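The values are calculated or read from the model by the stated rules, or taken from the named source; none is laboratory data. Please read these numbers as outputs of a predicted model, since none were measured by experiment. So basically every Cβ, Gly included, is an ideal-geometry build from the backbone, and we count neighbours across all protein chains shown.
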Amino acid sequence: MNVINIAATEKSPRVILNSDSNVFEMQGNSRPENVRDFFYPIIDDLKKYFESLNITEYKEKAIKFNFKLDYFNSSSAKFISDILVIVQTFAKKGFDIKIYWYFDDGDEDMKEVGEDFQEMISYPFNFIMVQR
């Protein structure tokens, strides 16, 4: 059962939260016209998803967050940080959460943004350089 399944557009990323595989993925560009209208439902659904899980079962079953963003504007960055704070909150409750931050080879800016987010929430990221 997919909890979230939003197709990518020219201005918004593909967003998937697949409860069967326990993978959340955001991929593409994020500069939606109305950033609140785009991100609020995602944040609400993500909170509901975590609240529906049994912590005992998920202490040893990793939930993966894949961020494969090519570009995002400052408004999107605020909401991405909100998502990461939710991740941090539930990780502190004992959920096994893995964060993967993808960046293109040579795109040091995107890697640095991921490092800034990592520092902001004090939670480890796995950085993956993609060769294109």
On the given criteria, is ILE80 modelled with pLDDT of 95 or more, under 23 Å from LEU53 (Cβ atoms) and assigned to a helix (DSSP H, G or I)?
-> yes
Of all residues in segment 41-85 being surrounded by fewer than 16 Cβ atoms within 10 Å (Cβ to Cβ) and touching a Gly at 6+ places or on another chain (Cβ under 8 Å), the one that is nearest to VAL113 (Cα to Cα) | ASP70
Members of segment 92-122 found to be touching a Phe, Trp or Tyr at 6+ places or on another chain (Cβ under 6 Å) and modelled with pLDDT under 95, listed by number | PHE95
When residues of segment 86-114 are filtered for being within 14 Å of the chain's Cα centre (by Cα) and either of a type in the set (Lys, Arg) or exposed (fewer than 13 other Cβ atoms within 10 Å of the Cβ) (or both), how many remain?
-> 1
Pairs, please: C-beta under 6 Å, at least 6 apart or cross-chain, first residue touching a residue at least 60 places away in the same chain (Cβ under 8 Å) and under 11 Å from SER76 (Cα atoms) and in segment 31-45, second of a type in the set (Lys, Arg) and part of a helix (DSSP H, G or I)?
-> none
